[in-house]
Every structure is written in C-alpha cells, then in structure tokens.
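The values are calculated or read from the model by the stated rules, or taken from the named source; none is laboratory data. What you see is a predicted model; the values in this text were computed from it and never measured. Using ideal geometry, Cβ is built from the backbone for each residue, glycine included, and neighbour counts are taken over all protein chains shown. SASA here: full protein model, heavy atoms, side chains in, ligands and nucleic acids out. Shrake-Rupley method; radii C 1.70, N 1.55, O 1.52, S 1.80 Å.
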Amino acid sequence: MRTFTIALLLPLFLQAQINISYQEPHGNILSLADAERPPMISMNTDGTKAILLYRSNYVGIAELAETELRLAGLRINPVTNISSRARFYNTISLYDPETMEETDIRGLPENARITHVSWSKTQNHIAFTNTTAKGVELWVVDYKRARAEKLTDDDLNANMGRPYVWMDNGFIVKRLPENRPVLINTDEDIPNGPVVSVNEAGTEAQNRTYQDLLKTPNDEANFETLATSELYRVTLKGKQTKWRSAGMFRSVSPSPNGTYILVSEINKPFSYIVPYSRFPTTYNILDEAGKTITTLEDVPLTEELPKGFMSVRTGKRSIQWRDDQPATIVYAEALDGGDARSEVDYRDAVFQLSAPFDGSPTKLLQTKLRFSGIEWGNDTIAVVSEYWWNSRTARMLTFNPSSPDDKPVLFNERNYQDRYADPGRFMTVKNAFNRTVLDLTNDALWVMGDGFTPDGKFPFVDAYNPNTNETKRVFEATGTDTLQSFLRFADREGGWLLIRIESANMYPNYIFQNIHTNAIKPVTNFQNPFTAMADVHKEILRYEREDGLPLSATLYLPADYDTASGEKLPMIMWAYPREYKDRTSAGQVTASSNSFTFPYYGSPIYWVTRGYAVLDNTAFPIVGEGDEEPNDSFIEQLVGNAKAAIDAVANKGYIDRERVAVGGHSYGAFMTANLLTHSDLFAAGIARSGAYNRSLTPFGFQSEERNYWEAPEVYHSMSPFSNAHKMKTPLLLIHGSADNNSGTYPMQSERYFNALKGLGAPVRLVMLPLESHGYAARESVMHMLWEQDQWLEKHLKGEQ
C-alpha cells in the first residue's frame, strides 16, 4: 500500500513546503465528524416492506489509493471493474414499517461492499452487487425468506454504471468478455510519435473544460477494453445464458411487456475533447433472443454543438419506452436545428413508434421550449415538460396521446427558480406492467408540492382536473414546530401519505399520515447522533441588501452564549453564489429553523462548538434582469451580499466585525477569493476546490453562457487570479489532487497560490492526495477540519 503525506505550500521565508502527516481536529469537532449515522431506508411502493442500508461515514485513504484509470470521463478500478469512486454499504437488513422491527438477512457476503441496490418489479426481491477483491458479483435477496444468494461470479462489468437490469423472471447482466485484451500499462508506455488534434474544417467546438479525457491511442485501447461487455440472461436461480456478443454497451432497457429490449452501444471514433457520453452511439431494438429487430438511431460523435446552453444535437434524442404501452418507443427531435439562437415557434417535436417498429413514426406533439420529458398516464392523458434556461422558464402541459391534433392544455408556466409558485409534481402509481404512470382517479390527477411560502414550508396535496383545468387543495401541512416533506402516497385509496419529518434536534424520520383523518403511524425512530449540538441556538435571519433585495441566512450561536451579554463572537460565514434572472425569485426564503442541524463533512457548523457564531447558507444571489446578465455586476453584488449579512448579525450585537471569516466550496471558493480581493470585510478566508482563473474556462462556467472572447472584461474582473495583486487577506486554499469537476482542476489552486505568494499575500495551500471534488477518505476529511480549525483559531482568535 502507498503511504501519503499532505503537501503544504506556505508563504514563509524559512521554508516554502513542509511535509505533514494526517492530523485530527479538536475533540469537539472530531466527536461530531465521527458520530455514527443512522442507516438509509429504501421502501417498496405501498410502504409494506423496507430495507435498511448501513455504511461507514468515510472510506479509508487506502481505498482511494487502489489502482485507478481515468478515461473518457470515467474513473475506473481496472482490477474490480467498477467505479473507483463508488461508495459501498457494508450490510443490509429487512425492516417492517408496520411493526418497526428489523430482521437480519441470512447469507450476506462477508466483508460486503454493496452497491447498485434495487427492488424487483414485484417487489418481492432486492438485487445488489458486491465487490470482491477481484470483481463485481450479483446477489439477490428473497424478502419473504430473509435470505441472500449469489447469482454470478465476480466477473460483471460495472465500469459504466449498474451492470444489471431487472427482467420479469431475472436479469440481463453485463459480463466481462472472454479473451479480454490485457490492459496497456500507460505508465511504462514509450510513445511512437506525437498526438495530433486537428480542426482543418474550421468548425466551432465550444466545450466545457471536461476532465479525465482520453489523451493517447493507448487510452483509447484501454477504454474500449474496459467498456466492452457481453450480455447474459440470468435467472433468479443463477442460470446464465449468453444473450448478446461483446460490445461497448451503455444502457439496456426492456420494454414494459418485456418482449423487446432497447440497447445503446458506443462506437468509434472516440474523442479527446468530450467524454464518452458524446461518443458515437447506436440505439438498437432487440427481441427476447437478443436478435436486432431495428436500428433506431446512429448518433455520430458530438464534438460540435451550436453555441448556447439550450443547444442540442440533431437527430433522435431522449429515446425511451412509453411506460403505459406494451412496446412503444418515444423520442424527441429538434425543430430548430438544435441551435438555441434560432428564432422559431416550436423547438422540438416528440414522436412515437410502436412494435414491430417497421412503420412510420407518429408525431405526438411539438414543444415551444426545449423538451424535458413526459409522464405517461394512459391512452388519453400524459404530461409533457419543457423548459428554457435563458429565461428560467418551465412549462407543464397535459395532452391526449391518442389525439395528436388536440392542442395540449397548459397546467403551469413559471420561472423555475420561483419556489413560491411551484405547483408541485404529479403523483404516480404502478400499472399492469409495473411501470410508473400518472395516478388518475375520477378524472383527477394527484399533485404533491413542497409548499414554500413567505411564512414557511407547508407541503400540500392537490387534485387537478385536466378536463376543466382546475385545481383543488385536498390536504396541507399546518404545523410550525417541525419541517415536513411529503414524499408520496403509500396507499392513495386509503389516504396514507409517506412523510419525512424533522426538527433542528430531531433526526429526520418517516411517518404515515392519513389525509382524511390526520391519523399518524410512525415508520422509523432514528436517533440523533449529534446530541452535543442540542442546545445550540438556531434562527433564520431575514435582512436586505443595500438595493432592497431581501436576503436570508441561518445563524448558529454557541449553546452557552447569552444573547443579552453583549459579548462579541468571532464568526465564520459560509455561502455559495447563485444566479437569477429576476429579483422576486432571488429574494425568496426556503431555509427553515426546523431543518435538522446536520454537520456533514464540509459543513461550517462544527465551529459553533468552538465558540464561533456560524452564518450558514448565506444568501448570495447574483441577479441580472432583462438584457443584463447576472455576471455583469458580479463583484458589486457579491460584496453587497456579504456586507448585508455581516451587518445583520453585527446589528444584533453578537459579533466582532473585525473577526469575521468567509468560506466556501467550489463556486463558494471562487466567491471567497473574490470577496477577499475586492473588500475589506473579512479577517480570513477558506476556499476549497475552487477555480480562480476564468481564462482557463474560456467557453463558459457555472451559469455564464458567453465565452471569454465575447465578454473578456467579465472574465477578467471575476478572476481572482487576474486581481491577485489586490488580495492581502489570509487565505487557506484546500484542493483535492484528483479533482475531476469541470473547471476546478487542481492547477487552479496551485497557480493561484503561486501568484499570491509571488505578490506577498498570506496564503496556505493544502493538497489532499487522491481526493476528488468532494472529499471521501476519513484521513482527508479530518485533516481538512484540522486545517480549517487551526486557520480560524489563528486569524480570528489570535492563537498560534
């Protein structure tokens, strides 16, 4: 096993780097970070059966150090043939929601590493994969017998996701092919010549800065080897039959009646500038014997798309089965040439083609905005969704699939960032094919919504009549001492809702509540593992920016702090900027003082136990209305948001304005660096896994659609790297050395550190070995918490 030390780059005249072993934070923080979490629960459709899934809070650094290949946007363990970043459960148990009793499952694998868990169509069995030292095997649990059995050897191919799909009486699985080529050791590769990329035709290919792409012919060969599988039929007794010869299969999807299977398969040529999801792909329909019935679409390599977030490729896309029919394919095609800049009345058309797939497709409808999806009901009712990012517009319409000439009826059109106006989501049931379809009762569709309002969150159930286009409120939460989330009906005819319920100190649990009688049945009784925070003060602050925009944040104060004492605390503010196209949506409040206080690995809440005021989920809206883009005034709005937040807490007399730190992760790190550069509001900053030089993301970032050459001043003014000479506030930079997020590659922090150090700024850079954009290993997380604690203690409390 490899051993690692943390690399620290410090602006000290005595030394530029130090090597340090992994550290652990103060005991107050450590006990919370290591607290054992309750299990996750997965319940069947009618709420009569459930399973509990247990896993550790973190992986070990040794697990991250296992062999990893990064190819075409994938990270693969080539020994076990599963994602090298997969998180595993270590055990599963059965759970009875009625009696709240847990039952052990007999026959589970020893030292289990479980993932890809799913219920069968009949919901009498649960499938999962177990990863051994050599590979991935398929297991199944018989719920009635409470017994697990292994169905395959550890030779499944999970390199591109779940390696099996449920059929009526078993599975289709992806297996490693016989006579599989040996992988090429690229570390020992001697080049035969240069790698040459060309664009002699002069076509535009304005792609994001994707990571983990193919780079060499040997990468191509290894990707093909790792992506190639053979498809086998496997029964619930473990009998295996080869069903399809080797191919680079992306997806396998059976028709609702199980008679046909839609298979997508990757082809060559590959690309060095886009991930595998944009490689050439063929969509074939196969029969039960694995024979090709028809080829629906040959999608070419998609390196070039018209400019704009809403641009799409031409040809058939969103190819899928219609859930309410035995075997009918549905797909969308662009009517605007895929070009978001085209001015047209309709953007997309939706077609269907039924078995035996030898006729002409039928056009079902056209969408004014970009097609998003369809929820099917029956022959006469379905709901289509469409949206347009530039205006933040979302539309939902009902239509009659059997009468394409009938005009769809608008159910709702809104700004999708307007949470107060969210009409909710349509509820579903299982049909005769065990597929999810709209729940239609007495000409009414059931709708369930979050119910965000200016006065709080009040989830609701509505009945919508598509014939009259009228909506009636059926049930609404009324309590204000807990936070509720309506999940779904467990028994719609009986009126039983499955609800998640929590409070600041009550761990999220589940109940059934009857919408007719208000009767309540508890489902789980998970205990709060963070009782050390039980007496922490928590409140939602509401305040305004100088321009009158309403803002909010969640304030935490130490348990022993007397708000009337006049004591001035140090404060850490944590935030993440979000872009809006209207002030109304930007000023809405969706946070609740009743949400459970959960100190996840990256949370700043730990520091309330160290004597700090903590301002979390601080609203940082960046608004651009009309022709103005949000980023046209990014810096001014950023500083305005920060000043308003500090004023709101300081005016209560709780904090010392001179001892405020700001922090964030990813785009929040970018925010942090900009705030330290363009304001004098903060004593220190913490920036994790950020991007600081926007010239390295020249074809857009976050919600910026313009490229560098269209808006050079925006890119320049927003780049902390370009303004490094202005930054003199102590900044702690933390970054995973294997960050795979688009735009936030590790070089961003390394180059920014070099610039700051060269200009004499007080800065510390911590590179966490093997970590990606989010941190997974316990060693890494604990060291990160230690670094942050040391930094805050030094710069806000003056402790060395």
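Structure values in brief
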{"read-out": "Cleavage-rule hits, GluC sites (Glu not before Pro), segment 540-589, DSSP coil, Cβ neighbours within 10 Å at most 16", "value": "Glu546, Glu567"}
{"read-out": "Those trypsin sites (Lys or Arg not before Pro) in segment 499-584 that DSSP places in a loop and that have at most 16 other beta carbons within 10 Å", "value": "Lys568"}
{"read-out": "As computed over segment 325-409, the Cα convex hull volume per residue (Å³)", "value": "96"}
{"read-out": "Segment 707-787: chymotrypsin sites (Phe, Trp or Tyr not before Pro) in DSSP coil with no more than 15 other Cβ atoms inside 10 Å", "value": "Trp709"}
{"read-out": "Cα-based convex hull volume of segment 328-464 per residue, rounded to whole Å³", "value": "120"}
{"read-out": "Interatomic Cα distance distribution for segment 192-337, bins of 5 angstrom, percent", "value": "2, 8, 15, 18, 17, 15, 11, 8, 4, 2, 1, 0"}
{"read-out": "Accessible-area value, Asp535, 1.4 Å probe, nucleic acids and ligands omitted, Å²", "value": "120"}
{"read-out": "Positive dipole terminus of segment 551-632, leading residue within Met573, Asn617, Phe598 (C-beta point charges)", "value": "Phe598"}
{"read-out": "Hull shadow area, averaged, segment 69-180 [alpha-carbon convex hull, nm²]", "value": "8.0"}
{"read-out": "Centroid-to-centroid separation of segment 690-704 and segment 716-786 [C-alpha atoms, Å]", "value": "15"}
{"read-out": "Residue-level accessible surface for Glu188, protein heavy atoms, 1.4 Å, Å²", "value": "140"}
{"read-out": "Built amide H within the under 5 Å cut-off of Arg347, gap 5+", "value": "Thr367, Lys368, Leu369"}
{"read-out": "Prolate/oblate/rounded call for segment 520-669, Cα gyration tensor, a/c under 1.5 rounded", "value": "oblate"}
{"read-out": "Estimated inter-spin distance, Ile273 and Glu750, nm [label 7 Å along Cα→Cβ]", "value": "2.4"}
{"read-out": "Globularity ratio of segment 409-553, using Cα Rg and 2.2 N^0.38 Å", "value": "1.24"}
{"read-out": "Accessible surface ranking that places the most exposed of Ser742, Ser255, Ser679 first, with a 1.4 angstrom probe", "value": "Ser742, Ser679, Ser255"}
{"read-out": "In order through segment 342-355: 3J(HN,Hα) via Karplus (6.51 cos²θ - 1.76 cosθ + 1.60), integer Hz, x for Gly, Pro", "value": "5, 9, 9, 7, 10, 8, 9, 10, 10, 10, 9, 9, 9, 4"}
{"read-out": "Dipole axis of the chain (+1 Lys, Arg; -1 Asp, Glu on Cβ), positive-most option in Val350, Leu498, Gly798", "value": "Leu498"}
{"read-out": "Cα gyration tensor, the chain - rounded (a/c under 1.5), prolate or oblate", "value": "rounded"}
{"read-out": "Most to least accessible of Thr241, Thr398, Thr453 (protein chains only, probe 1.4 Å)", "value": "Thr241, Thr453, Thr398"}
{"read-out": "Kirkwood-Stokes translational diffusion coefficient of segment 663-739, alpha-carbon pairs, 10 °C, 1.306 mPa s, µm²/s", "value": "125"}
{"read-out": "Percent of beta bridges antiparallel (DSSP, the chain, rounded to nearest 5)", "value": "85"}
{"read-out": "Thr259-Arg341 pseudo-label distance in nm [points 7 Å out on the Cα-to-Cβ vector]", "value": "4.7"}
{"read-out": "Gain in span if fully extended, Asn465 to Tyr576, counting 0.36 nm per residue against the direct Cα distance", "value": "36.0 nm"}
{"read-out": "Given charges at beta-carbon only (K, R positive; D, E negative), |dipole| of segment 20-155 in Debye", "value": "360"}
{"read-out": "Efficiency of FRET between Arg147 and Ser21 - r from beta-carbon atoms, R0 35 angstrom, step 0.05", "value": "0.20"}
{"read-out": "Ranked order, Asp339, Asp34 - accessible area, probe 1.4 Å, largest first", "value": "Asp34, Asp339"}
{"read-out": "Accessible-area value, Tyr95, 1.4 Å probe, nucleic acids and ligands omitted, Å²", "value": "20"}
{"read-out": "Residues whose placed amide H lies under 5 Å from that of Ile734, excluding near-sequence neighbours", "value": "Ala687, Arg688, Ser689, Val766"}
{"read-out": "Amide N proximity, segment 445-487 versus Thr584 label position 7 Å along Cα-to-Cβ, cut-off under 19 Å", "value": "450-456"}
{"read-out": "Rounded if a/c under 1.5, otherwise prolate or oblate - segment 625-767, Cα gyration tensor axes", "value": "oblate"}
{"read-out": "Mean projection area, nm², convex hull over Cα of segment 451-495", "value": "4.2"}
{"read-out": "Pair Asp379, Ser56: separation of 7 Å Cα→Cβ label points (nm)", "value": "5.7"}
{"read-out": "Rg ratio (alpha-carbon, reference 2.2 N^0.38 Å) - segment 215-270", "value": "1.40"}
{"read-out": "Karplus 3J(HN,Hα) series, Hz, for segment 737-751 with 6.51 cos²θ - 1.76 cosθ + 1.60 (x for Gly, Pro)", "value": "6, 10, 4, 10, 6, 4, x, 9, 4, x, 4, 4, 6, 5, 6"}
{"read-out": "Net dipole in debye of the chain [+1 Lys, Arg Cβ; -1 Asp, Glu Cβ; about Cα centre; nearest 20]", "value": "1060"}
